[in-house]
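I have placed the structure first, in the form of structure tokens, so that the comments after it can refer back to it.
The values are calculated or read from the model by the stated rules, or taken from the named source; none is laboratory data. This one's a predicted model, so the numbers in the text were calculated from it and none came from an experiment. Quick reminder, even Gly has a Cβ in these numbers, built from the backbone with ideal geometry, and neighbours come from all protein chains shown. Side chains included, ligands, DNA and RNA excluded: accessible areas come from the protein's heavy atoms. Shrake-Rupley method; radii C 1.70, N 1.55, O 1.52, S 1.80 Å.
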Amino acid sequence: MHADDSPLPGRRELKRRQTRLALITAALRLADERGADRVTVDEISAAAEVSPRTFFNYFATKEDALVGDPLEDCGTPVIPDLPLLDALLHALTPAFEQIQQDRDLWLLRMRVIAANPQLLPLLIAAAASAEQRLSAAIAARSGLAPDHPRPPVVAAVANAAVRVALIRWAGSGDSRPLIEHVREAFAILHDLKESR
């Protein structure tokens, strides 16, 4: 059991995650070498040692493999009953740990997206989807109606803080883990709340 008492994933789920990661890695490496427009699904599949049919079991397009939702396996966070910023940090920490563990892949993804601006709309859509999941989790924790403005505002602000932390983590010369950058960004949010 994990620390959160969720069961360990089964063999089939582990295989699914490995295949998905292999496809993402192959797509990013090829796009980094040649440019996203010069890479085909067949080439990505061959590099990941799967069939194109298997590729389409995971992704609708090669662009989805390049950007997609990199934290899809994290699901919707469960936000504990703590002060809100502390609760968000606690709930999102597994995602930050996954990003830290996959640092080279994340840096590669950021480089590919920077070099291929046609991918930006997909990145924005993936971020919006993650933000909606976070907003729903905040609403559930707070007992607020789905149309209440507080959850989406809090989710958007938290998302912005995380985005800044990611950029600083990826581009900074220091070797601090991502979670430290996120804590720093959330501390600024806390300071804003307290400032006049």
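Output yes when any residue across the stretch 54-65 is touching a residue at least 60 places away in the same chain (Cβ under 8 Å) and open to solvent by 30 Å² or more (accessible area, probe 1.4 Å), and no when none is. Before you say what the answer is, go through the steps one by one.
Looking only at the stretch 54-65, we keep the residues that are touching a residue at least 60 places away in the same chain (Cβ under 8 Å), and these are none.
Checking the stretch 54-65: not a single residue is touching a residue at least 60 places away in the same chain (Cβ under 8 Å) and open to solvent by 30 Å² or more (accessible area, probe 1.4 Å).
Looking at the stretch 141-160, which of the residues that are closer than 17 Å to Leu82 by Cβ and of a type in the set (Gly, Ala, Ser) is surrounded by the most Cβ atoms within 10 Å (Cβ to Cβ)?
Ala158
Mind counting the residues in the stretch 81-126 that are over 29 Å from Ser142 (Cα atoms) and either part of a helix (DSSP H, G or I) or open to solvent by 60 Å² or more (accessible area, probe 1.4 Å) (or both)? Please lay out each step first, then the result.
Let us first name the residues in the stretch 81-126 that are over 29 Å from Ser142 (Cα atoms), namely 100-122.
Narrowing further to those that are either part of a helix (DSSP H, G or I) or open to solvent by 60 Å² or more (accessible area, probe 1.4 Å) (or both): 100-101, 103-115, 117-122.
The qualifying residues number 21.
Out of (1) open to solvent by less than 20 Å² (accessible area, probe 1.4 Å); (2) closer than 16 Å to Arg109 by Cβ, the odd one out for Thr19 is which?
(2)
Would you be able to say whether some residue in the stretch 59-71 is of a type outside the set (D, E, K, R), at pLDDT 90 or above and part of a helix (DSSP H, G or I)?
yes
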